[in-house]
Amino acid sequence: MIPFIDLARQHESIKGELMAALEGVLRSSRFILGPEGEALEAELAARCGVRHGIGVGSGTDALRLALAALGVGPGDEVITPAFSFVASASTIVMTGATPVFVDVEPATFALDVEALERALTPRTRAIVVVHLYGHPAPIDRVVALARARGVAVVEDTAQAIGATWDKRPVGGWGDVACLSFYPTKNLGACGDAGLLLTDRDDVAAHVRRLRHHGDTGRYHHVELGYCSRLDEMQAALLRVKLRRLDAWTDARRRLAARYRTLLAGLPLGLPGEHARARHIYHLFSVRHPQRDALAKALADLGVGTAVHYPLPVPGQPLFGDKDERRFPEAWRASREVLSLPCFPELTDAEADEVAAAVRTALERL
Ligand SMILES: *Cc1c(COP(=O)(O)O)cnc(C)c1O
């Protein structure tokens, strides 16, 4: 069996350092808002070229607090791609604002900038742009459009830490960027955790308050806040992993290149990589019109796969928009995409086996 992902391999390789990090936190007995979290915030902000990092409880909370700190609320519209993880849009609803979906580009699943332009209205308050699968969206064009209209940009960078657009890290382009450290993300915690990045002092100060009960210090609660902090245990573990992130990203990119060579010429859509983008392959998703049959054939051959995602966001029961003509590319993607195993510890021999299994499976369809 070749698993779709195997986190045990990663943790085995750095077990000593992870245990030492946990012991350090236990010994200090500072568990919430302490030096590990502050160090992680500074390290990630520096990587993305912004001045502030603010650790929170999850990537979802990062999005929710980002929108709240930008003043998004009832009566506002927020534009977001129709093909993403649900949190890119559900967090808009949580603020009381209305999500306005736009279709995506078929090659990279980035939001379609022309569709974005058409969707802008006087009520548009923000754009949540998603760097899906680890491939950057055309963030320069999104930011230029937004700036011209006085609209805020939130980068959903949950899947794209380490990716660049025009050699500049994603997460440093918009007003705010949101990271997720969900365990399977490229930089994954051992539990839930997330972080916001911003160059804006006002947003940083507001998020620091919102994550901690609207407190300005010493039990002085000036507004309705939340309880959403990145704890010291997770921060300490993440700092150990962050030291490996570049090597892990290189390993993912090598695997992706290997798949491209081995799968070339097959009747299968391979992931696009824009000339200006550095893709970090959080997911290596191929496309095939008979996706479910392909996944079944691969399972029979002992290869684990996953579908990200089986429905476009507006088509989720939560939103209930079944009109496929509105977002044809998102609907087509949701029927065709299939993520192959692509994690840093996957061996070349295993990647070769996956590719051979894909070849066999396609012949069986
Ligand atoms: C994982 C993810 C999130 C949410 O992050 P959590 O840490 O799971 O809350 C948001 N957006 C995208 C695109 C994601 O992949």
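The values are calculated or read from the model by the stated rules, or taken from the named source; none is laboratory data. A quick note: this is a predicted structure, and the numbers were derived from the prediction, not measured. We place every Cβ from the backbone using ideal geometry, glycine too, and count neighbours over all the protein chains shown. Each accessible area value is taken on the protein alone, full model and side chains, heavy atoms only, with ligands, DNA and RNA left out. Shrake-Rupley method; radii C 1.70, N 1.55, O 1.52, S 1.80 Å.
What to note about this one:
- The residues in segment 304-360 that are within 16 Å of Ser84 (Cβ to Cβ) and of a type in the set (S, T, N, Q) can be counted, and the count is 3.
- The residue that is most open to solvent (accessible area, probe 1.4 Å), among those in segment 224-233 that are more than 11 Å from the ligand (Cβ to nearest atom) and in contact with a helix residue (DSSP H, G or I) (Cβ under 7 Å, 6 or more places away or on another chain), is Tyr226.
- The set of residues in segment 69-89 being open to solvent by less than 30 Å² (accessible area, probe 1.4 Å) and within 16 Å of the ligand (Cβ to nearest atom) consists of Val78, Ile79, Thr80, Pro81, Ala82, Phe83, Ser84, Ala87, Ser88, Ala89.
- Of the residues making up segment 1-16, just one is over 26 Å from the mean Cα position of the chain (by Cα) and in the same structural domain as Glu232 (by TED's automatic domain parsing), namely Gly16.
- When each of Ala45, Ala62 is tested for being away from the ligand (no atom under 16 Å from the Cβ) and within 18 Å of the chain's Cα centre (by Cα), the lone residue that passes is Ala45.
- Looking only at residues of segment 91-130 that are open to solvent by less than 20 Å² (accessible area, probe 1.4 Å) and closer than 15 Å to Thr60 by Cα, we find that the one that is nearest to the ligand (Cβ to nearest atom) is Val130.
- Selection from segment 294-328 of residues that are in contact (Cβ under 8 Å) with a residue 40 or more places away in the chain and over 25 Å from Thr184 (Cα atoms): Phe319, Asp321, Arg326, Phe327, Pro328
- Among the candidates Ala137, Ala160, Ala148, the residue that is open to solvent by less than 10 Å² (accessible area, probe 1.4 Å), modelled with pLDDT of 95 or more and closer than 19 Å to Val100 by Cβ is uniquely Ala137.
Okay, residues lined up against (1) within 19 Å of the chain's Cα centre (by Cα); (2) under 15 Å from Pro314 (Cβ atoms); (3) hydroxyl-bearing (Ser, Thr, Tyr); (4) in the same structural domain as Leu67 (by TED's automatic domain parsing):
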residue	(1), (2), (3), (4)
Ala97	no, no, no, yes
Val100	no, yes, no, yes
Asp103	yes, yes, no, yes
Pro106	yes, no, no, yes
Ala119	no, yes, no, yes
Arg125	no, no, no, yes
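- Any strands (runs of 3 or more DSSP E) falling wholly within segment 146-213 and containing at least 1 residues that are more than 16 Å from the ligand (Cβ to nearest atom): 152-156, 194-198
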